[in-house]
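The values are calculated or read from the model by the stated rules, or taken from the named source; none is laboratory data. Bear in mind the structure is a predicted one, so any value in this text is a computation, not a measurement. We place every Cβ from the backbone using ideal geometry, glycine too, and count neighbours over all the protein chains shown.
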Amino acid sequence: MNIHEYQAKEIFRAYGVPVPRGQVAFTVDEAVEAAKSLGGNLWVVKAQIHAGGRGLGGGVKLAKTIDEVRELADQILGMTLVTHQTGPEGKLVQKIYIEEGADIQKEFYLGMLLDRAAEMPVMMASTEGGMEIEKVAEETPEKIVKVNIDPAIGFQGFHGRQLAFGLGLAKEEIGPFIKFAQALYKVYMDKDAEMIEINPLIKSGDGKFIALDAKMGFDDNALGRHPDILEMRDLSEEEPTEVEAKQHGLSYIKLDGNVGCMVNGAGLAMATMDIIKHEGGEPANFLDVGGGANPETVAKGFEIILKDPNVKAIFVNIFGGIVRCDRVANGILEATKITDVNVPVVVRLDGTNAEEASEILRKSGIENIIPAQDLADGAKKAVEAAK
Amino acid sequence: MSILVNKDTKVIVQGFTGKEGTFHASQCIEYGTQIVGGVTPGKGGQEHLGRPVFNMVNEAVQATGATVSMIFVPPAFVADAVMEAADAGIELAVIITEGAPVKDMMYAKAYATKKGMNTIGPNCPGVITAEECKIGIMPGFIFKKGPVGLISKSGTLTYEASNQVVKEGLGITTAVGIGGDPIIGLSYKQLLPMFEADPETEAIVMIGEIGGDLEIQAAEYIKEHISKPVVAFIAGQTAPKGKRMGHAGAIISGGSGTAAEKMAALEAAGAKVVVSPADIGKAVKEVLGK
């Protein structure tokens, strides 16, 4: 789960990670009030969406007067912001963050995530602040300094020194930088973060290290013990059908093809997409109905797949293990009664009681159900039916 | 022969008396697995499925001589259960539970390693030695005895692969579902040498997916150390970048962890890489020259 910049900065503040003063605003009037109460003579108006690249897309602007704040707030609130991470359809801006302007002397990048190979977190820093880190990693990997932090010992001084010297920091910068990094490590561990990215981290004119931007994502499996984080969830930032699917215990991801897929198990679901492509078609989605595959979940699955107008055929691919195929077949018949399924449905059931299952489907007399022998046969028939 | 577990392996179940634990433990017993007892704190002294229940893993180990634990406790308690098993001298913990926080697994695996305990999973179907010992939630009847070792991140794809292998008139020595979480126990790199050393295993099937670099590590290992033929399939060739495909670890991040790079690495290492998941069985038959 991801959160907005203003929410991440709230968390930072609570942990003593320095951030500029700022206030979130949902209307132009609130934005003006926020700027007035912050005071000063320079403000930043920042669109709050989950995608990165907001600045380049025109979602982050500087204001030198209160009138400019009003103008920019009016311009950015309600705009559809397109960045390299939103896709061409962009994202509607529903809230903005008004922040005091900063005196930037130097810009850095600082990030933290899980190093899967090392099985512990890694902190990464770079002097190339403001640049996309993937690009830096590709073009000038020597400019990224990494240090693994073993949670058994926690963040030690040497971790900080390794990063600080790696960045080539001056003597007087090292102390404040290490203090910043140490606080950030605590945020990451305490909150079960999956990813923290500060880009840029700045050194201000008066020698302070400040997080000018903040991006945070969390381990979904750990949200149960973080009700405060769960409260920050912004469902408007997520794909509505994916959210709906999740509420019903389904895992759904929309794709661009026309062959809908309903599968049990994530690996088999991915493999089903692959074989559709292999047979010359394009998958319309990833959908894992989980271990149960009962009439209700199958019906919900059909409903969600059919919300996508591109879908011209559905491939149901179930490998029955503990769940018997005859029960799944009955589930599919039930489901067609609950939901109107108006496209051909190719059904491949294999595993426990597969023969009984195909008998049930054959006898049902439902015209648009096409039984398949095996994985390859099913994929072929589904691709054909979608043409 | 086989790897990791066989008909003599003594197994306890942590989370024995819960709904999942009860259902799957009884399925394992039916398959022939020596489930010698279970652990549910507060229910020590009772009997369940005709086996003794203990409060603590160390009591269960002392009383039964179990060396393997199958773990079904709820996600929030997985790390605790794994560490308790490691502390009690269990040699292999098979963690079935889905949804354990990554941070917990980081601590639990580090401690297990320190104590010399192997782990499989979490969020996996378990391990099965065909017609001898099933420790997990897979449908046992699909796994007929034969010359093929199987390592897979995905549950249903494991069943699919085994089914195809059996339909070709072959069968399985041991199948290990390693799970698709960001931090997992035994992986390809540790399991490949076990299959290489197992005289009954003549070919190895490895099924991977997008995300992380375990398959790349496996490719490097295969190139140097594996003489037996390897058939590989990588799921997620059509998966979009930055989207999590069901498994917590199945995500292409920053352009790395794609199916294409894994397939290329395995191919270069001499593995037979199949593009279609329907061709796994045929490819195994081909590499075995049968």
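Selection of the range A:79-127 for residues being assigned to a strand (DSSP E or B) and among the hydroxyl-bearing types (S, T, Y) yields A:T80, A:Y97, A:Y109, A:S126. Which ones in the range B:250-286 are at the interface with chain A (Cβ under 7 Å from one of its Cβ atoms) and either assigned to a loop (DSSP other than H, G, I, E, B) or among the polar types (S, T, N, Q) (or both)? Scanning the range B:250-286 gives B:A250, B:G254, B:G255, B:V275, B:S276. The condition (being among the polar types (S, T, N, Q) and surrounded by fewer than 22 Cβ atoms within 10 Å (Cβ to Cβ)) is satisfied by just one residue among B:T67, B:T97, B:T119: B:T67.
Taking the range B:16-56 as the range and being closer than 19 Å to B:M117 by Cα and either without any contact (Cβ under 8 Å) to a residue 12 or more places away in the chain or outside any strand (DSSP E or B) (or both) as the test, only B:M56 passes. Taken over the range B:230-258, the criterion of being buried (at least 20 other Cβ atoms within 10 Å of the Cβ) and either among the hydroxyl-bearing types (S, T, Y) or more than 20 Å from B:N123 (Cβ to Cβ) (or both) is satisfied by B:V230, B:V231, B:A232, B:Q237, B:T238. Restricting the range B:62-76 to residues that are among the small types (G, A, S) and in a helix (DSSP H, G or I), the residue that is farthest from the other protein chains (Cβ to nearest Cβ) is B:A63. Pairing each residue of the range A:204-226 that is within 14 Å of another protein chain (Cβ to nearest Cβ) with any residue that is surrounded by fewer than 16 Cβ atoms within 10 Å (Cβ to Cβ), provided the two are 6+ apart or on different chains, yields C-beta distances under 7 Å for A:L223/A:L230. For A:K312, the criteria (1) within 13 Å of chain B (Cβ to nearest Cβ); (2) over 24 Å from the mean Cα position of the chain (by Cα); (3) charged (D, E, K, R) hold in every case but one, which is (1).
Tell me, which residue of the range B:208-229 that is among the charged types (D, E, K, R) and under 14 Å from B:G270 (Cβ atoms) is surrounded by the fewest Cβ atoms within 10 Å (Cβ to Cβ)? Break it down stepwise before answering.
The initial filter retains those residues of the range B:208-229 that are among the charged types (D, E, K, R), namely B:209, B:213, B:215, B:220, B:223-224, B:228.
With under 14 Å from B:G270 (Cβ atoms) added as a condition, the list becomes B:220, B:223-224, B:228.
Details: B:E220: 14, B:K223: 14, B:E224: 7, B:K228: 18.
Residue satisfying both the conditions and the ranking: B:E224.
Tallying residues that are more than 8 Å from chain B (Cβ to nearest Cβ) and surrounded by 24 or more Cβ atoms within 10 Å (Cβ to Cβ) within the range A:255-271 yields 4. Restricting the range A:121-139 to residues that are surrounded by fewer than 17 Cβ atoms within 10 Å (Cβ to Cβ) and either within 19 Å of A:F158 (Cβ to Cβ) or more than 12 Å from chain B (Cβ to nearest Cβ) (or both) leaves a set whose member that is modelled with the lowest pLDDT is A:G130. If you go through the range B:71-86 and keep only what is surrounded by 16 or more Cβ atoms within 10 Å (Cβ to Cβ) and over 16 Å from the mean Cα position of the chain (by Cα), you end up with B:V73, B:P75, B:A76, B:F77, B:V78, B:A79, B:A81, B:M83, B:E84, B:A85, B:A86.
Filter the range A:49-64 down to residues that are without any contact (Cβ under 8 Å) to a residue 24 or more places away in the chain and in a loop (DSSP other than H, G, I, E, B) and give me whichever is farthest from the chain's Cα centre (by Cα).
Initially, the range A:49-64 is screened for residues without any contact (Cβ under 8 Å) to a residue 24 or more places away in the chain, giving A:55, A:58, A:60-61, A:64.
So of that shortlist, the ones also in a loop (DSSP other than H, G, I, E, B) come out as A:55, A:58, A:64.
Working: A:G55: 19, A:G58: 22, A:K64: 34 Å.
Selected residue: A:K64.
Confirm whether A:Q105 is of a type in the set (S, T, N, Q) and loosely packed, with under 14 Cβ neighbours inside 10 Å. Steps first, answer last, please.
Working: of a type in the set (S, T, N, Q): yes; loosely packed, with under 14 Cβ neighbours inside 10 Å: yes.
In short, yes.
Here B:E59 qualifies as part of a helix (DSSP H, G or I), surrounded by fewer than 24 Cβ atoms within 10 Å (Cβ to Cβ) and more than 19 Å from the chain's Cα centre (by Cα). Looking at B:P182, is it in contact with a helix residue (DSSP H, G or I) (Cβ under 6 Å, 6 or more places away or on another chain) and within 8 Å of chain A (Cβ to nearest Cβ)? Against the criterion (in contact with a helix residue (DSSP H, G or I) (Cβ under 6 Å, 6 or more places away or on another chain) and within 8 Å of chain A (Cβ to nearest Cβ)), B:P182 qualifies.
A:V341 - would you say it is away from chain B (no Cβ under 14 Å), part of a strand (DSSP E or B) and within 32 Å of the chain's Cα centre (by Cα)? Give the derivation first.
Numbers: away from chain B (no Cβ under 14 Å): yes; part of a strand (DSSP E or B): no; within 32 Å of the chain's Cα centre (by Cα): yes.
For A:V341, the condition - away from chain B (no Cβ under 14 Å), part of a strand (DSSP E or B) and within 32 Å of the chain's Cα centre (by Cα) - is not met.
Taken over the range B:192-218, the criterion of being in contact with a helix residue (DSSP H, G or I) (Cβ under 9 Å, 6 or more places away or on another chain), away from chain A (no Cβ under 11 Å) and part of a helix (DSSP H, G or I) is satisfied by B:L192, B:P193, B:E196, B:E215, B:A218.
Report whether or not B:G242 is touching a strand residue (DSSP E or B) at 6+ places or on another chain (Cβ under 9 Å) and at positive phi. Outline the logic, then answer.
On the way: touching a strand residue (DSSP E or B) at 6+ places or on another chain (Cβ under 9 Å): yes; at positive phi: yes.
So B:G242 passes the test.
Within the range A:272-309, restricting attention to residues that are more than 14 Å from chain B (Cβ to nearest Cβ) and not in a helix (DSSP H, G or I), the residue that is modelled with the lowest pLDDT is A:N294.
How many residues does the range A:128-181 hold that are on the phi > 0 side of the Ramachandran plot and in a helix (DSSP H, G or I)? Don't jump to the end; show me each part of the working.
Residues of the range A:128-181 that are on the phi > 0 side of the Ramachandran plot, as a first pass: A:130, A:154, A:168.
Next cut, in a helix (DSSP H, G or I) only: none.
Going through the range A:128-181 one residue at a time, the tally reaches 0.
Taken over the range A:238-254, residues that are in contact (Cβ under 8 Å) with a residue 12 or more places away in the chain, assigned to a helix (DSSP H, G or I) and within 14 Å of chain B (Cβ to nearest Cβ) amount to 3. Here the range B:267-277 is the region considered, the condition is being under 23 Å from the mean Cα position of the chain (by Cα) and either at pLDDT below 95 or under 13 Å from B:I204 (Cα atoms) (or both), and the residue that is surrounded by the most Cβ atoms within 10 Å (Cβ to Cβ) is B:A271. All of (1) surrounded by 18 or more Cβ atoms within 10 Å (Cβ to Cβ); (2) touching a Cys at 6+ places or on another chain (Cβ under 9 Å); (3) not basic (K, R) hold for B:G32 with one exception: (1). Here the range A:1-48 is the region considered, the condition is being closer than 19 Å to A:M195 by Cβ and part of a strand (DSSP E or B), and the residue that is modelled with the lowest pLDDT is A:N2.
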